[in-house]
Amino acid sequence: MNFGVISIFPQMFSALTNFGVTGRAFQQGLCSVEYFNPRDYSEDVHKSVDDRPYGGGPGMVMMYEPLKGAILAARDMVPGPVVYLSPQGKSLSVERLRDLHQQRNVTFLCGRYEGIDERIVRKHVDEEISIGDYVISGGELAAMVIMDALIRLIPGALGHELSAEEDSFSHGLLDTSHYTRPQTVDGMGVPGILLTGNHQEISRWRQLQSYERTLARRPELLAKYHDNPDSEGN
Ligand SMILES: C[S@@+](CC[C@H](N)C(=O)[O-])C[C@H]1O[C@@H](n2cnc3c(N)ncnc32)[C@H](O)[C@@H]1O
């Protein structure tokens, strides 16, 4: 996948590009990222990207022109949708992730301050995505959440090909519980079935665990799952 990132803090993305599964995916060339800093498209000497809001009120708003310049440059290099990370957008879902994954190219526009000039959203943004009903200080962390989840969907990005398949939500249920050594810790053992070596029984037990955990923690997911238990993400 090719990512575009529009941000005044591109350095933040080293958390994604330099570590763990996602870092490896970048190193292996399974994905790439181009940065577009709105400051580079600011016309004034101070390279300003924000100004006071019309109508008054606290905080600053990201200005139209620098964002427009960055978006046009991104569209030239990354031929996919421009997604504005916003608490007012549609909530991120596994279905939306799969759609974005199909696109292969996507640019994330990261807001700061009180947000961005609404006219950018109206004219230059293809969609708005929220990572949840709370407000964080900038779109960078939200973009990294989505990029990380997208990278996990790239074939070969995970050490073990099946692990994304078994993740929570991939088949509509939560993941099973996991255990590792030591076999007993603080008086707690490991479910006996996992020590039998009977892979068929273990698989059946894990499926049951997965179902029971979903019932206990996220019962609303089961309604969709029952409609179509074999389809991905339902
Ligand atoms: C402090 S927030 C602005 C929030 C805005 N005043 C509001 O209440 O809708 C600054 C930036 O953080 C990002 N952001 C904040 N919360 C987010 C969320 N839940 N999902 C995605 N992006 C978010 C957006 O890019 C936003 O422009």
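The values are calculated or read from the model by the stated rules, or taken from the named source; none is laboratory data. Just so we're clear, the structure is a prediction, and the values are computed from it rather than from any experiment. Every residue, glycine as well, gets a Cβ built from its backbone with ideal geometry; the counts of neighbours run over all protein chains shown. The area values use the complete protein model at the heavy-atom level, side chains included, leaving out ligands, DNA and RNA. Shrake-Rupley method; radii C 1.70, N 1.55, O 1.52, S 1.80 Å.
Values computed for the structure shown
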quantity: Helical contribution to [θ] at 222 nm, DSSP H n ≥ 4, -39,500 (n - 2.57), averaged over the chain, rounded to 500; calculated: -11000 deg cm²/dmol
quantity: Charge dipole magnitude, Cβ of K and R +1, D and E -1 - the chain, Cα centre, debye nearest 20; calculated: 200 debye
quantity: Selection from Gly69, Ser91, Gly29 lying farthest towards where the dipole of the chain points positive, charges on Cβ; calculated: Gly29
quantity: Chymotrypsin sites (Phe, Trp or Tyr not before Pro) lying in DSSP loop within the range 46-96, provided at most 14 other Cβ fall within 10 Å; calculated: Tyr54
quantity: Nearest 10 degrees, 0 to 90: helix 199-217 Cα axis against the chain principal axis; calculated: 50 degrees
quantity: Farthest toward positive dipole pole in the chain [+1 Lys/Arg, -1 Asp/Glu at C-beta], among Leu141, Ile193, Leu16; calculated: Ile193
quantity: Sequence-distant residues sharing a close amide H with Ser168 (under 5 Å, placed H); calculated: Asp175
quantity: Solvent-accessible area per residue for the range 16-90 (1.4 angstrom probe, square angstrom); calculated: 58 Å²
quantity: Percent carbon-and-sulfur accessible area, the range 54-191, ignoring ligands, DNA and RNA, probe 1.4 Å; calculated: 53 percent
quantity: Antiparallel DSSP beta bridges within the range 1-146, as percent of all bridges there, nearest 5; calculated: 10 percent
quantity: The chain: angle of helix 64-77 to the longest principal axis, Cα-based, in degrees nearest 10; calculated: 60 degrees
quantity: Lysines with Cα under 19 Å of Lys123, excluding same-chain neighbours fewer than 8 positions away; calculated: Lys68, Lys90
quantity: Whole-number percent relative contact order across the range 1-108, with pairs defined as alpha carbons under 8 Å at least 6 apart; calculated: 33 percent
quantity: Solvent-accessible area per residue, Å², over the range 115-179 with all protein chains present [probe radius 1.4 Å]; calculated: 51 Å²
quantity: Candidate aspartates and glutamates - alpha carbon under 18 Å from Lys47, same-chain residues fewer than 8 apart omitted; calculated: Glu65, Asp117
quantity: Added length on full extension, which subtracts the Cα-Cα distance from 0.36 nm per residue, Asn228 to Asn18; calculated: 71.8 nm
